[in-house]
Amino acid sequence: MSKVTKPQEISVTRPISEDLPEDKFHQLDAFIDNMGTTKGSLIEILHKAQDIFGFLPRELQLYIARKLGIPGAEVFGVVSFYSYFTTKPRGKHTVSVCMGTACFVRGADKILDKFKENIGINADETSEDGCFTLRDVRCIGACGLAPVVTVNDKVHGRLTEDQVADVVNTYRRKEE
Ligand code: FES
């Protein structure tokens with residue numbers, strides 16, 4: 001990976017749009033400009049950008065690359081490597097079903113099917129009401145609790161097919 005250095009004092013055009021409003025660029029720029037150095041901070045900056053914008057579309061990745069003076073390919077590589085990062089807008093609640101080996105042998109595929117059925121979407125989709133995004137992910141490191149599902153940051157371990165509807169309804173009620 002090439003080195004990430006102090007943000008350059010060059011003006012980088014902001015790809016402002018409905019999804020990428022100007023005030024959010026102000027927040028991101030302030031975060032980057034307040035860093036003493038951005039060397040080695042690409043992941044931290046991407047986390048912050050995803051917090052602010054909710055997702056990391058290609059034009060935003062390119063903006064960050066230009067701002068840091070690094071190749072776009074380096075940013076694209078990091079974003080596509082970590083499943084935490086998303087290039088599409090997510091719903092209010094992100095349901096991640098672990099499909100790692102330990103979870104798979106304990107029926108993760110059936111749990112995933114139940115979530116699809118209950119929410120009414122496929123994996124990597126967001127419900128029309130914007131309430132849920134459903135994802136199938138690699139091992140999240142909680143194999144002892146297999147099968148494991150996370151909803152946002154909360155871990156639901158040893159989940160059974162029968163519990164799926166309750167989990168979905170709990171988060172749905174929060175939006176009513
Ligand atoms: S395989 Fe699911 S948490 Fe490790």
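No lab work stands behind these numbers, since they all come straight from the coordinates. Everything quoted here is computed from the prediction, not taken from an experiment. Positions of Cβ are generated from backbone atoms using ideal geometry, with glycine treated the same way; all protein chains shown enter the neighbour counts.
Numbers at a glance
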item	result
Residues M35, M99, sorted so that the one with the fewest Cβ neighbours within 10 Å comes first	M35, M99
Debye equation applied to the C-alpha atoms of the range 90-176, log10 I(q)/I(0) at 0.21 Å⁻¹	-0.91
Sorted by Cβ density within 10 Å, fewest first, the residues V137, V164	V137, V164
At R0 = 35 Å, FRET efficiency that the Cβ-Cβ distance of E74 and Q163 yields, to 0.05	0.25
Calculated P(r) tail over 27 Å for the range 1-126, as whole % of Cα pairs	30
